[in-house]
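**Q** Let me begin by handing over the structure; questions about it come next.
The values are calculated or read from the model by the stated rules, or taken from the named source; none is laboratory data. It should be emphasised that the depicted structure is a prediction, and the values quoted were computed from it without experimental measurement. Neighbour counts are summed over all protein chains in view; Cβ atoms, including those assigned to glycine, are modelled from backbone coordinates with ideal geometry. With ligands, DNA and RNA removed, areas are computed over all heavy atoms of the protein, side chains included. Shrake-Rupley method; radii C 1.70, N 1.55, O 1.52, S 1.80 Å.
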Amino acid sequence: MRYRDRLLHGLEEDIVNDVRSIESISTDDQIQDVSLLCGDDQRQLTMMDVLLSLKSGDVVNAKNRIDLYTGHATPVVDLQPKQIEQIQSGESAVLVSDVDPVLFKHFVETASFEQWMLYLHPSQREHVAKDFDGPAKLAGVSGSGKTCVVVHRALRLAEKYKGEPVLVVTLSDALASLIDRLIDSQRGETRPANIRVTSIFDLCYSKLLELEPDNRDYYTRRTITRNPHAVAEHIDEIWREYFLCEANNFDADALFDVVQTLNVRGVFASDYLRQEIDFVRSGFRPGHRTGYLEMLREGRVIPLDERYRLSVLDGLDGWEKKMQAVGAVDDMGIVTALSRHLERLEPEYRCVLVDEVQDLGSLELSIIRRLTKSGINDLFLCGDAAQTIYTKASNLKDANIDVTDRTVSLKQNYRNSRQILTSAHAILTRSLEFIPKCALHSEVLPPEYASFSSPNPLLLTADSLHEELGYAISYLKDQVESAGKNQRFCLALCGYSQESVLILGGTLGLPVLSATTDIRTDKIFLSDLEQTKGFEFDVVVIVNCTSAVMPHPILPEEESFRDLSRLYVAMTRAKTQLLVSYHGVPSKFITVARDTFTEGRFSEHAELGVNIDFELPSPAIPELRDPEVWSHSGKAFLKSRDAVGLSRPVQDAILASVTGKTLLQGQRHKQREWKDFGSFISSMQNPKSRNLVISNEAWQALNEHFVR
């Protein structure tokens, strides 16, 4: 935007409109005619150079030409010898001596995944080479090479501080495995022995084994399969059992007042309260959680007064007791357990580099701070606010980390074609206009676009998710037949958990992205949106991008930023080709940026060459009118998706009547209480049965609710 404004500054409105009418299909003669309207010879020549560069997709040259015209850049021939000696490669200047011609040629022609990820652009080198006198933060847009900087900086520091441990820590096992393989690929047998790469949870797990050796079996429950997502699904089932007060455990009743107020607000309490509990766990260790009662809850917009917050803390206490009772532990449970020993942790790493820091909570950051020796180059934090996908309380100050005057940024995107990033960034920024700023942790950086081009992303529709999957698989298999040996492809699925995607992968015979994935072993990978983070593919197809699942339809719209981030992450994994598909109504995230896509039906781009008669696993968002839900008591029913949106009087009427037991009163044995919600609704169809049980207003409201 700022380049365009500088170029057009001072031109008359009709000339500006003529310039804006130029498109990629405009002829050179049309560009020349418009340029001749733009004032003096120098401005005419500049306008022509800029428009021709943009037509060819060379955005970098267009920007450089504008900088030269407006005096923001100086030709080298006009510099004094001493000025030339001071030039260093960066975002504004690249020295020929800084470019490895052999590697660059190989990169352009045959780059493998590792070579693509590891190629160090001049604008990134200064962040690898710079020394900081304390904790530093690198904020970088998607595709700017933050992980590349982490890898190269870790290698430099390991050489600089030989014999002293250097740690690279990131969000998940999958990303840790990826970074570890990149370091191996870069150095091979000469890899420094003092570099360790781990996820935050495995880091905490290893420390717990030192501090609590007698609890090894318990803490291993999370990592015993080396597949945290399989265990996470187990945790999901335990949460459901706890939340519904099954197995004679009624601790979750402490949350019921909050459940009712969330229903009135149209919010699905089970998902929202689990997020809220993890929000508390990520920010406060046991014994310090009363701080939650007064905190601002940054990123959360549903107001909870002290009474409700006390209920959340009681519910959290019950949830932790439940996990301990059944012998299970989740990722935040590992962090929480180690936080009890925070004062006992001693600094042991000379340098720590953190990737995806935007998704680490204050508690995780406090542990990292305690394990890091203070001094030059101690902490190096990398992240992108636009890729925040988890609900956590995160505050560097609370973790005793100060990056004041040591924050740098990378805005140049190298991964995605201009067209792909245009669509992804349009979806991000236009959707953010509907999300309150109080829901965002920090400002989203505007990217500088890559200089290469591709066809516009495709927005395709089909009649069902089965069809979307069938077309997508056929399309990708066709791509594989003509692909180079280093090309890789991804099929990402909205609205399903990683465990469900693993089940679907087995059904479809496709490998699924996970902590153990070696991207060199296959061509096509299946994934949920989150697991694509950190990977890069030549072609990405995202299916099921419908309004029913994206964003989560029964969580606060004002907090949909994390769903938006998940979609943005998956879109920006594509280097040269992106397809997004839906059935029914497309996601509102897509709708706001339809002008950046080429639209059509999936059947126009692929054939259903595979059998689509397969069973889909359970989606992440529960179905409506689940018969199992209607077989529960009123209190359990009010914890279901079907109760979302009910007014408090209607909820109270259900609670009073659907008690979990059958009660008949009077000589005529009129029924006053019902065992389950289904039988209650069936009885209430008869006006005589409703008499003195539920008011006409409440019954009408209940009927209207189910119609909606």
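**Q** Let's see if you can work this out: charge +1 on each Lys and Arg Cβ, -1 on each Asp and Glu Cβ, no other charges. What is the dipole magnitude of region 426-546 about its Cα centre, in debye to the nearest 20?
**A** 200
**Q** If you don't mind, there's one more thing I want to ask. Is there a quick way to get the dipole size of region 645-692? I mean about its Cα centre, with the Cβ of Lys and Arg at +1 and of Asp and Glu at -1; what is the value in debye to the nearest 20?
**A** That gives a dipole near 200 debye.
**Q** Rounded to the nearest whole Å², what accessible area per residue is found for region 177-222 with the 1.4 Å probe?
**A** 48
**Q** On the principal axes of its Cα set, how long, how wide and how thick is region 297-442? Give whole Å, largest value first.
**A** That works out to 52, 41, 29 Å along the principal axes.
**Q** Suppose only helical runs count, i.e. DSSP H with n ≥ 4. What mean residue ellipticity at 222 nm does that imply for the chain under -39500 (n - 2.57) per run, divided by all residues and rounded to the nearest 500 deg cm²/dmol?
**A** My calculation for the chain gives -12500 deg cm²/dmol from helical runs alone.
**Q** Can you run the Rg to Rh ratio on the chain? Use alpha carbon positions and the Kirkwood inverse-distance Rh.
**A** With Rg and the Kirkwood Rh in hand, the quotient comes to 1.01.
**Q** Okay, next question. Where only protein heavy atoms count, and the probe is 1.4 Å, what is the accessible area per residue for region 6-49 in Å²?
**A** With all protein chains present, region 6-49 gives 64 Å² per residue.
**Q** Ranking request for peptides 41-54, 134-147: highest mean number of other beta-carbon atoms within 10 Å first, then the rest in descending order.
**A** By packing density, highest mean first, the sequence is 134-147, 41-54.
**Q** For the chain, with the dipole built from +1 on Lys and Arg beta-carbon atoms and -1 on Asp and Glu ones, taken about the Cα centre, which of S172, L208, P511 lies farthest toward the positive end?
**A** It is L208.
**Q** Region 386-430 to region 488-509: how many Å between their Cα centroids?
**A** First find each Cα centre; the distance between them is then 26 Å.
**Q** Using packing as a proxy for protection, rank 676-688, 349-361, 482-494, 155-167 so that the peptide with the highest average count of other Cβ atoms within 10 Å comes first.
**A** 349-361, 482-494, 155-167, 676-688
**Q** Tell me the carbon and sulfur percent of the accessible area for the chain, rounded to whole percent, probe radius 1.4 Å.
**A** On the way: 15500 of 31560 Å².
Of all accessible area on the chain, carbon and sulfur atoms account for 49 percent.
**Q** How would you classify region 349-433 from its alpha-carbon gyration tensor, with a ≥ b ≥ c the square roots of the eigenvalues: rounded for a/c under 1.5, else prolate if a/b is greater than b/c, otherwise oblate?
**A** prolate
**Q** Also, I was wondering about something else. Could you tell me the relative contact order of the chain? Use alpha-carbon pairs under 8 Å, at least six residues apart, and round to a whole percent.
**A** After rounding, I find 14 percent.
**Q** Of K533/K639; K635/K675; K146/K575; K588/K639; K207/K397, which ones are farther than 21 Å apart at the Cα? Write down the numbers at each step before the final one.
**A** Working: K533/K639 32 Å; K635/K675 11 Å; K146/K575 16 Å; K588/K639 27 Å; K207/K397 24 Å.
The answer is K533/K639; K588/K639; K207/K397.
**Q** Now for a separate question. For the peptides 472-481, 631-640, what is the packing order when you average, over each peptide's residues, the other Cβ atoms within 10 Å and list the highest mean first? Kindly include the intermediate steps, with their values, before the conclusion.
**A** Values: 472-481: 18.2, 631-640: 21.4.
Going from most to least packed, we get 631-640, 472-481.
**Q** In debye to the nearest 20, how big a dipole does region 239-281 give about its Cα centre with +1 on each Lys and Arg Cβ and -1 on each Asp and Glu Cβ?
**A** Roughly 160 debye for region 239-281.
**Q** For labels at A73 and E212 in the simple 7 Å Cα→Cβ model, what's the distance in nm?
**A** In this crude spin-label approximation the distance works out to 5.8 nm.
**Q** Compute the accessible area per residue over region 499-542, keeping the other protein chains in place, probe 1.4 Å, unit Å².
**A** 28
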